[in-house]
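The values are calculated or read from the model by the stated rules, or taken from the named source; none is laboratory data. What you are looking at is a predicted structure, and each value in this text was computed from that prediction instead of being measured. All Cβ positions, even for glycine, are placed from backbone atoms using ideal geometry, and neighbour counts span all protein chains on display.
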Amino acid sequence: MEINLWQERALNATTEPVKCFCDPKTCDNIGWCLAAEQCYSAVVVESYGLVARAGCISVDSPLQCNTPASHNHAILCCNTVNLCNEFLEPELIGGNDIHFTNDDNQSNLTPIMMSIAIPAATCVLVALLLYLLFRFYKRHAWKAHKYEKAVSSGAGDTGTPPEKPLGNPLAVQYGGHQADTSLSPVTAGDSTLQDLLGHSYSSGSGSGLPFLVQRTVSRQINLIDRVGTGRYGEVWKGSWQGEMVAVKIFSSRDEQSWFRETEIYNTVLLRHENILGFVASDMISRNSWTQMWLITHYHENGSLYDFLNTNTVNRDVMLRFAQSIANGLVHLHVEITGTQGKPAIAHRDLKTRNILVKRNLSCCIGDLGLAVTHRRDTNHVDRGQNTKVGTKRYMAPEILDDRLNVDSFEEFKQADVYAMGLVFWEIARRCQCSTGRVVEYQPPFFDQVQSDPSFEEMRKVVCVSKVRPHVPHYWTNDRVLSQMGRLMTECWHESGSARLTSLRVKKSLQQIEPVCPEVKLKLDLI
Ligand code: ADP
Ligand code: MG
């Protein structure tokens with residue numbers, strides 16, 4: 001039997017416990033199981049054909065790792081890396097013709113049952129197809145009708161002016177970045193991806209698509225352009241059936257980070273308008289190397305860092321940015337109890353590069369690779385296996401001087417609020433408010449440290465000299481800026497317990513009156 005490079009790597013066993021690829025039906029719908037010893041991949045000849053199986057070896061597994069291959073079964077085991085068994089290809093003596101299933105009930109199907117089941121399934125499929133075609137036609141016809149009505153109502157029947165396209169009122173200011181937000185018969189809300197995702201939320205499963213759909217989607221993506229680089233590799237703009245998605249590509253070296261981020265995004269009830277929308281996660285094997293993909297919604301305005309570098313904001317947009325970030329952070333921080341509950345999550349790497357600007361000029365929080373979770377009933381802080389820490393420039397004093405108690409989840413949340421205060425400062429500097437003054441974009445502590453500062457440099461500035469970003473005096477002359485200034489100061493307090501909670505920040509922001517409420521209303525509709 002010829003063994004390829006991946007198989008060779010997979011077969012070099014270690015003693016680390018690993019996660020094994022496993023059919024979701026047999027593994028609680030999650031597609032993997034934790035191996036006590038080994039992951040396996042097997043082929044077995046059943047009465048109805050050849051079947052492939054994968055999962056974790058247990059004492060009562062019908063085939064054990066040392067079972068030699070024969071004409072009717074073959075097994076290979078591994079425990080080197082997570083999902084290592086996905087690429088194992090056991091071969092029967094005499095060759096394979098694989099029909100993949102993990103459904104043990106199938107072994108009881110007799111040829112007679114099959115002859116009934118196949119025509120019945122075909123009928124159901126045809127009926128389903130017809131129904132979907134009907135729905136598709138009906139929806140498009142309805143949207144076209146609505147659009148025509150909206151346009152033609154301007155002809156004067158009712159005497160009211162024509163309904164304007166919901167263009168972005170700030171489109172001139174953000175011309176370079178702004179996408180076309182006008183109403184068209186087939187754009188907004190007409191996404192197949194949205195439909196797929198909609199079905200998966202209502203089914204109450206994790207925050208993404210069902211496992212096998214994730215695989216299908218990811219294998220149909222065309223990569224278009226590289227749009228960003230970060231700690232772990234590259235982020236690409238890709239297209240899936242005409243819709244844009246973002247694909248974060250991790251190298252196999254960073255498998256642990258991919259795994260953790262996938263795990264966090266699969267948290268039940270994580271989905272929120274101010275958290276980057278997760279689509280799918282997959283492991284792609286290309287020639288002899290493996291890439292890990294994490295697919296999310298694509299945001300053409302890019303990160304908040306990119307946005308603030310090239311745009312100024314007015315007071316309403318500043319507030320909108322701040323409110324949406326605080327809303328996203330509250331959603332992460334809150335634990336939702338119940339059987340389908342969500343653990344509390346702390347981000348640990350909040351910064352403008354990890355926040356994306358949506359088309360409607362609200363923000364969503366991304367890059368959840370360093371997040372930690374906590375459930376109150378067990379009081380367990382789950383940090384995953386990722387040992388990498390956050391970004392030094394945004395680290396709270398207690399992290400810099402090593403005082404943070406890693407068993408206290410509260411302290412992780414307090415460190416997030418500190419970082420959010422710095423993000424607010426970066427936004428506020430770019431606000432062209434009533435004072436008419438605005439300064440160029442700068443990251444926090446730009447006047448204290450060089451780019452990529454060391455831990456020690458940051459510690460001296462933040463812990464020893466107790467420096468915080470400068471809140472300029474001219475902010476006090478503006479109603480909104482002065483309140484923002486006070487709020488951020490309360491976020492970056494020296495003592496974590498004296499800082500505001502994310503919920504308090506959210507509530508305080510809600511109390512700041514917007515300058516033009518109608519702008520908010522219009523943006524909300526985009
Ligand atoms: P890393 O974990 O490597 O830091 P990030 O998830 O932070 O990766 O992404 C790196 C950069 O890629 C971001 O700062 C942003 O510029 C860009 N990016 C990430 N996700 C998206 C997205 N969904 N849409 C558009 N750009 C994105
Ligand atoms: Mg990042």
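No other residue among L88, L83 is crowded, with 20+ Cβ neighbours inside 10 Å, touching a helix residue (DSSP H, G or I) at 6+ places or on another chain (Cβ under 8 Å), at pLDDT below 80 and closer than 24 Å to R286 by Cα apart from L88. Selection over region 352-403 of residues that are polar (S, T, N, Q) and in contact with a Ser or Thr (Cβ under 9 Å, 6 or more places away or on another chain) gives a count of 6. If only residues of region 27-46 that are surrounded by fewer than 16 Cβ atoms within 10 Å (Cβ to Cβ) and in a loop (DSSP other than H, G, I, E, B) are counted, the one that is modelled with the highest pLDDT is A36.
If the condition is being assigned to a loop (DSSP other than H, G, I, E, B), away from ligand 2 (no atom under 16 Å from the Cβ) and out of contact with any Gly (no Cβ under 8 Å at 6 or more places or on another chain), then region 326-367 contributes V334, T337, G338, T339, G341, P343, K358, R359, N360, L361, S362. The single residue among L521, L481 that is in a helix (DSSP H, G or I) and surrounded by 20 or more Cβ atoms within 10 Å (Cβ to Cβ) turns out to be L481. Residues in region 277-297 that are outside any strand (DSSP E or B) and either surrounded by 22 or more Cβ atoms within 10 Å (Cβ to Cβ) or small (G, A, S) (or both): G277, S288. When restricted to residues that are under 24 Å from R393 (Cα atoms), over 19 Å from the mean Cα position of the chain (by Cα) and surrounded by fewer than 22 Cβ atoms within 10 Å (Cβ to Cβ), region 307-352 contains 5. Can you find, within region 277-324, the residue that is farthest from Q510 (Cα to Cα) among those that are away from ligand 1 (no atom under 16 Å from the Cβ) and hydroxyl-bearing (S, T, Y)? Once the filter is applied, the top-ranked residue is S288. For region 446-479, residues that are at pLDDT below 95, over 34 Å from the mean Cα position of the chain (by Cα) and either polar (S, T, N, Q) or farther than 30 Å from S434 by Cβ (or both) total 2. Could you please find all residues in region 204-261 being more than 16 Å from ligand 2 (Cβ to nearest atom) and of a type in the set (S, T, N, Q)? Residues satisfying the conditions are S205, S207, Q214, T216, S218, Q220, N222, S239, Q241, S252. Residue count for region 439-478 under the criterion of being surrounded by 14 or more Cβ atoms within 10 Å (Cβ to Cβ), more than 30 Å from I512 (Cα to Cα) and charged (D, E, K, R): the result is 3.
Each row is one residue, and each column tells you yes or no for (1) more than 28 Å from T216 (Cα to Cα); (2) in contact with a Ser or Thr (Cβ under 8 Å, 6 or more places away or on another chain).
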position: F259; (1), (2): no, no
position: I264; (1), (2): no, yes
position: G277; (1), (2): no, yes
position: S285; (1), (2): no, no
position: W289; (1), (2): no, yes
position: F321; (1), (2): yes, yes
position: L329; (1), (2): yes, yes
position: G338; (1), (2): yes, no
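Checking each residue in region 221-244 for being within 6 Å of ligand 1 (Cβ to nearest atom), in a loop (DSSP other than H, G, I, E, B) and either aliphatic (A, V, I, L, M) or touching a strand residue (DSSP E or B) at 6+ places or on another chain (Cβ under 6 Å) (or both) picks out only Y232.
Scanning region 352-408 for residues that are over 30 Å from I249 (Cβ atoms), small (G, A, S) and touching a residue at least 40 places away in the same chain (Cβ under 8 Å) turns up just one, A396.
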